[in-house]
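Read the structure below first, then the notes.
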Amino acid sequence: MKKILVTGGCGYIGSHTIVDLVENGFDIISVDNNSRSSERLLEGIEKITGKKVKNYKVDLCDFNDTNAIFEENEDIAGIIHFAAYKAVGESVEKPLLYFENNLVSLINLLKCVEFFKIPYFVFSSSCTVYGNPDHIPVTETTPTKAAESPYGYTKQMGEQIIGEFSHVNDTACVLLRYFNPAGAHPSALIGELPIDKPQNLVPVITQSAIGKLPGITVFGNNYPTRDGSCVRDFIHVSDLAHAHTLALQYLIDKKNKSNPEIFNLGTGSGITVLETIQAFEKVTGIPLNYTIGANRPGDVVAIYANNDKARQQLGWQPEFNLEDILGTAWKWEQKLKEDEKLFTGKNIQLN
Ligand code: WQD
C-alpha cells in the first residue's frame, strides 16, 4: 500500500482528498499546522473511512520540522501539496503573509522531495494563474496573464518553481488548476470550516442562510457579464478530490506526457454570483438577503474551464452539479449548527 503525504490534510480540499485516497487503497499521513484548519475533520475522515489518519502538526515554513517528517517516514511514495493560504481578498491586504507562507513552505517541501527522491508530486494550483483571461473557457495552454492578486502570484510562482525543479529532478509532477471549490462530502461529516468570517461566496451564502451572517454583499454588478456580476466555475470538492487520486495514479502508471503536466479542474460551465444566489434560494427554498456593494480588489471578471484534457487523460468525470454543490454545502452548514447546539448543550449540563 503506497504511503502518501498530504499537506494541509486537515483543510477543506485536503480532507476530502484523503477520503478519496483511502477509499482507493492508499495509506495516508497528513501535515497541517492547523493555523487555518482543525483536526476535527480528521474525526470526520475516520467516521467515513474507518481509518485514523496521523497528522503532523508542523509548519512547513520550518525546514527542520518538515525534514524530520521525511526522516521518520522513509516510505513516502508521493506528495499532494495543499497547504497554503487561499483567500484572494485577504492576499491583497496582506501580500507578504501570502508570499512568505505559500512560497517558503513549497520550497522547504521541494528540498525534502529532492533529498529523499520522492517520485510523485501533485500541486494544488488555481485558475487564478490565468489572471483575467481574454477568452473563456480557458484551456491549459491559455497564456497566463498578470495575476489579479498576491494569492494568484503565489500560485503562478509555485508553478514556475516546480517547473524548474522538475527539470533537474526525476520527480514526476502534476499541477492541478482548480476553479472554484465548493460543497461538502454528501455525508456532511466533513466540509469547509472557515476559521473566521468566510471569504468565499458559497460559505458566505450558507452562513447568511443559517443566520450566522446578516446578509450577503455582492461585490459589484457592473462587470461586462450577462447580469453584471462576476462569472465563476464552481466544482464540487468531492469531484476535485477524486481528480487528485486520478492524477497520482496517472503518475504512478507513468502516463504523464510532460513534466510538470497541467490539468484544469472545473465543470466547464460558468455561472454568475447573482445566479448562484438565485440557485441556492431555489434548491433550499430559503430567501437570501443581499445588497450590491463595491467591486472587490483582486477579483477576476469571468472565468470557467475547458476540462477536456482532464476528462481525456485522467478519465475524470465531474459527478456533482450546481444543485448538488449548494445542497451539500447547506447540509454541512446545518450540521455545524447542530454540533454547536450539542456542544453548547453539554456546557449547560456540566455547569
Ligand atoms: C467568487 C465570486 C466575489 C464573497 C476562489 C478561491 C481561490 C481559488 C479560486 C482555488 C467573486 C464574489 C464572494 C462575497 C461576493 N480557488 N463574492 N460576495 O475569489 O473566485 O477565489 O476560487 O484555488 O483559492 O478563493 O472565490 O468565492 O471568494 O469569490 O460577491 O461575500 O463571488 O467577488 O466574484 P474567488 P470567492
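The values are calculated or read from the model by the stated rules, or taken from the named source; none is laboratory data. Computed from a prediction, not measured in an experiment: that's the story for all the values here. Because the Cβ atoms are built from the backbone with ideal geometry, glycine has one as well, and the counts that use them run over all protein chains shown. Note: accessible area is taken over every heavy atom of the protein model, side chains too, but ligands, DNA and RNA are not part of it. Shrake-Rupley method; radii C 1.70, N 1.55, O 1.52, S 1.80 Å.
For the chain, the relative contact order comes to 20 percent (Cα pairs under 8 Å, sequence separation of at least 6). Per the Debye calculation on region 30-104 with a single equal scatterer at every Cα and no solvent contribution, log₁₀ I(q)/I(0) for q = 0.19, 0.28 Å⁻¹ amounts to -0.94, -1.33. What you get for region 196-298, charging only the Cβ of Lys and Arg (+1) and of Asp and Glu (-1), is a dipole of about 120 debye around the Cα centre.
Projecting the Cα positions of Thr206, Ala184, Asn306 onto the charge dipole of the chain (unit charges on Cβ atoms of Lys, Arg, Asp and Glu, taken about the Cα centre) puts Thr206 furthest along the positive direction.
Here region 50-159 is assigned +1 on the Cβ of each Lys and Arg and -1 on the Cβ of each Asp and Glu. Its dipole about the Cα centre then comes out at about 280 debye. With a cut-off of 15 Å between beta carbons, the residues surrounding Pro133 carry a summed charge of -1, where Lys and Arg count +1 and Asp and Glu -1. All Cα-Cα distances of the chain, cut into 10 Å bins from zero to the largest, leave 5, 25, 36, 24, 8, 1, 0 percent in each bin in turn. Across region 250-351, Cα pairs under 8 Å and at least six residues apart give a relative contact order of 36 percent.
Legend: residues Lys335, Lys117, sorted from most to least accessible area (1.4 Å probe; ligands, DNA and RNA excluded), read Lys117, Lys335.
A Cβ-based charge dipole, computed about the Cα centre of the chain with Lys and Arg at +1 and Asp and Glu at -1, lands at about 400 debye. Which FRET efficiency value, to the nearest 0.05, do you get for Tyr290 and Gln160 by plugging their Cβ-Cβ distance into 1/(1 + (r/R0)^6) with R0 = 41 Å? Taking R0 as 41 Å, the efficiency between Tyr290 and Gln160 is 0.60.
Remark: the Glu338-Asp75 segment gains 90.6 nm on full extension, using 0.36 nm per residue and subtracting the alpha carbon distance. Neighbours of Val300, meaning other residues whose beta-carbon lies under 14 angstrom from its beta-carbon, give a summed charge of +1 when Lys and Arg score +1 and Asp and Glu score -1.
Once the 1.4 Å probe is applied to the protein heavy atoms, region 130-194 comes out at 39 Å² accessible per residue. Under the membrane-span-like helix rule (DSSP H runs whose alpha carbons stretch at least 15 Å along the helix axis, mean Kyte-Doolittle hydropathy 0.5 or higher), the chain yields 12-23, 105-116, 237-252.
Taking only protein heavy atoms and a 1.4 Å probe, the accessible area of the chain is 52% carbon and sulfur. Label sites at Lys57 and Ile107, each approximated as a point 7 angstrom past Cα along Cα to Cβ, lie 2.8 nm apart.
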